[in-house]
């Protein structure tokens, strides 16, 4: 399904995983550079995405850095991902027990040039691989970070088989040691509503 709300400048398209949305935004360019609105509650609500955010984060990464695949449980976070500078291959994996797409992934190139966003709802693992020399990634979260709920699954889980465009150059020790999805107990994972 694809929806464009009148006078919002936002288009929303459903991805193959339930609840995941690709959002097209408008960028205004002139001789000074460009301007883009990353979030406006009224406009996004009018376009069909009614969300409240509790925290905003930004990360700077170099080419080949892979960050992921992260999720929180309990205290699940929904995330609205935007790339302010550079380009990333952004991925989410459905880790919701009982979901018809459990263990499946969706990926999309997000960049400053295509000015698309990805809405990753609660209960999905998220991560990205930097494709450009550097990337500045901004994401709004529905709940604050909770260290006690911090979880991860292996970015290279063979059962999930994410189609990364190329192998990463840099993965943190924490992400490199993350378990495969099949190694996690169902009670340690979110459930599909």
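Taken together, the values in this text are just the output of simple stated rules run on the coordinates, not laboratory data. Quick caveat: nothing in here was measured; it's all calculated off a predicted structure. Cβ coordinates were reconstructed from backbone atoms using ideal geometry, including for glycine residues, and neighbour counts include every protein chain displayed.
For the stretch 101-193, dividing the convex hull volume of the Cα atoms by the residue count gives 138 Å³ per residue. Need one word for the stretch 12-61: rounded, prolate or oblate. Basis is the Cα gyration tensor (sqrt eigenvalues a ≥ b ≥ c); a/c below 1.5 gives rounded, then a/b vs b/c decides. Verdict is prolate for the stretch 12-61. Going 7 Å from the Cα of residue 52 along its beta-carbon direction, which residues of the stretch 141-173 have the amide nitrogen within less than 13 Å of the resulting point? Inside the label zone: 142-144.
Taking neighbour Cβ counts within 10 Å as the exposure measure, how do 44, 145 sort from fewest upward?
Numbers: 44 22, 145 13.
Final ranking by Cβ density, sparse to dense: 145, 44.
Averaging Cα coordinates gives a centre for the stretch 126-141 and one for the stretch 96-114; these two points are 15 Å apart. With viscosity 0.692 mPa s and temperature 37 °C, the Kirkwood radius over alpha carbon pairs of the chain converts through Stokes-Einstein to a diffusion coefficient of 193 µm²/s.
In the elastic network of the chain, a GNM with C-alpha springs shorter than 10 Å, the most mobile of 102, 128, 71 is 102.
Tally the DSSP beta bridges in the chain and give the antiparallel ones as a percent, rounded to 5.
Numbers: 53 of 56 bridges.
Percentage antiparallel, nearest 5: 95.
Going by a ≥ b ≥ c, the root eigenvalues of the Cα gyration tensor, does the stretch 1-97 fall in the rounded group (a/c under 1.5), the prolate group (a/b larger than b/c) or the oblate group? Display every interim value, and only then the final one.
Values: a/c = 1.78, a/b = 1.15, b/c = 1.54.
Oblate shape, in that a/c is at least 1.5 and b/c is the bigger or equal ratio.
Of the residues 45, 21, the one with the fewest other Cβ atoms within 10 Å heads the list, and the complete ranking is 45, 21.
Mean sequence separation of contacting Cα pairs (under 8 Å, at least six apart), scaled by the length of the chain, corresponds to a relative contact order of 27 percent. Look at 141, 92 and count the other Cβ atoms within 10 Å of each Cβ; fewest to most, that gives 141, 92.
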